[in-house]
Amino acid sequence: MESENIPSAKSLAHELPKILLATRNRHKTREIQTMLGMGVIVTDATEQAHLPEVEETGFTFEANSKLKAEVISRHVSGIVLADDSGLEVDALGKEPGVYSARYAGAGCTDEANTALVLRKMKGFPHEVRAARFRCVLAVAENGETLAVFEGAVEGFLAHEVRGDGGFGYDPIFMPLGHDQTFGELSSEIKHTMSHRSRALEQFKEWWAARRK
Ligand code: ITT
């Protein structure tokens, strides 16, 4: 029973600031919730059936993140954060890039995408396997972008799938200075250097200044 003086966890949760992510990728939501900590409640489009699917018609991460944030922010009150991200492989002319989620075809699995990248890179030696993850976060309110933040992490592609941590291309990406993939490294280590955490640090500063 809730006492008069001690607020329940439920009533405290009502007091916490909330951020809606314009994503249906639960891995992104989990990572961003972890990085923002317990003082913020992060929700996403999977929890709100009325939110539309946003077609990613842009040719850059920035264009697509703005598109997702702006469209979703027209349907809710408050700020909306969108994440558009992906893997760029230099030897593949920066593919899969904005097509990272659908590289092996619409609705394909992460495994199919990673297998396709490895197949295209078969026989390429380590020196020409440079790659990076990029993340662009856009914040919008009432259909208008308020700010955009970018983060990247450089690295190399592994020759085979290694580790089962993370998601997407994590099991084939070795960040610079490590010979393990993001699939093998802990999520704590990933969060110290990832494209998403680098963009999110800038968002945190912007958000703190706005809430002052
Ligand atoms: P939303 O558009 O609903 O946010 P999505 O998964 O389609 O979800 P993107 O269009 O931004 O999102 O595509 C991002 C893809 O890039 C994602 O599906 C992964 O394949 C890859 N990716 C992004 N960040 C990654 C990370 O931290 N680790 C591994 N792969 C990542």
Failed item, numbered, when ALA131 is tested on (1) farther than 24 Å from ARG211 by Cβ; (2) among the small types (Gly, Ala, Ser); (3) touching a residue at least 60 places away in the same chain (Cβ under 8 Å): (3)
Looking only at the stretch 47-67, and only at residues there that are near the ligand (Cβ under 9 Å from one of its atoms) and part of a helix (DSSP H, G or I), the one that is surrounded by the most Cβ atoms within 10 Å (Cβ to Cβ): SER65
I'm checking my understanding of the structure. Among residues of the stretch 68-93 that are within 12 Å of the ligand (Cβ to nearest atom) and surrounded by fewer than 21 Cβ atoms within 10 Å (Cβ to Cβ), which one is nearest to ASN113 (Cα to Cα)? GLU88
Quick check on my filter: what residues within the stretch 164-186 are within 13 Å of the ligand (Cβ to nearest atom) and hydrophobic (A, V, I, L, M, F, W, C)? PHE167, ILE172, PHE173, MET174, PHE182, LEU185
The condition from (1) free of Cβ contacts under 8 Å to residues at least 60 places away in the same chain; (2) touching a strand residue (DSSP E or B) at 6+ places or on another chain (Cβ under 6 Å); (3) surrounded by 17 or more Cβ atoms within 10 Å (Cβ to Cβ) that LEU157 misses is numbered (1)
Identity of the residue in the stretch 15-35, of a type in the set (A, V, I, L, M) and either part of a strand (DSSP E or B) or in contact with a strand residue (DSSP E or B) (Cβ under 6 Å, 6 or more places away or on another chain) (or both), that ends up farthest from the ligand (Cβ to nearest atom): LEU16
Verdict on GLY58 being closer than 18 Å to ALA152 by Cα and out of contact with any Ser or Thr (no Cβ under 8 Å at 6 or more places or on another chain): no
Inspect the stretch 181-189 for any residue being under 27 Å from ASP44 (Cα atoms) and in contact (Cβ under 8 Å) with a residue 24 or more places away in the chain and give the result as yes or no. yes
Just checking, which of ARG134, ARG162 is closer than 27 Å to GLY107 by Cα, in contact with a Ser or Thr (Cβ under 9 Å, 6 or more places away or on another chain) and assigned to a loop (DSSP other than H, G, I, E, B)? ARG162
So which of ALA91, ALA104, ALA112 is of a type outside the set (Lys, Arg), free of Cβ contacts under 8 Å to residues at least 24 places away in the same chain and part of a helix (DSSP H, G or I)? ALA112
Taking the stretch 187-212 and keeping only residues that are within 14 Å of the ligand (Cβ to nearest atom) and in a loop (DSSP other than H, G, I, E, B), one is left with SER194
Odd one out for GLU150 among (1) within 14 Å of the ligand (Cβ to nearest atom); (2) crowded, with 21+ Cβ neighbours inside 10 Å: (2)
Just need a number here: residues in the stretch 137-159 that are in a strand (DSSP E or B) and more than 24 Å from SER187 (Cα to Cα). 8
Restricting the search to the stretch 94-112, which residues are among the acidic types (Asp, Glu) and near the ligand (Cβ under 10 Å from one of its atoms)? ASP110
Scanning the stretch 167-203 for residues that are touching a strand residue (DSSP E or B) at 6+ places or on another chain (Cβ under 6 Å) and small (Gly, Ala, Ser), the one nearest to PHE149 (Cα to Cα) turns out to be ALA199
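Each value in this text was obtained by applying a stated rule to the coordinates, not by laboratory testing. Given the structure is predicted, the values throughout are model-derived calculations rather than measurements. When we count neighbours, we look across all protein chains shown, and the Cβ atoms used for this are built from the backbone with ideal geometry, even at glycine.
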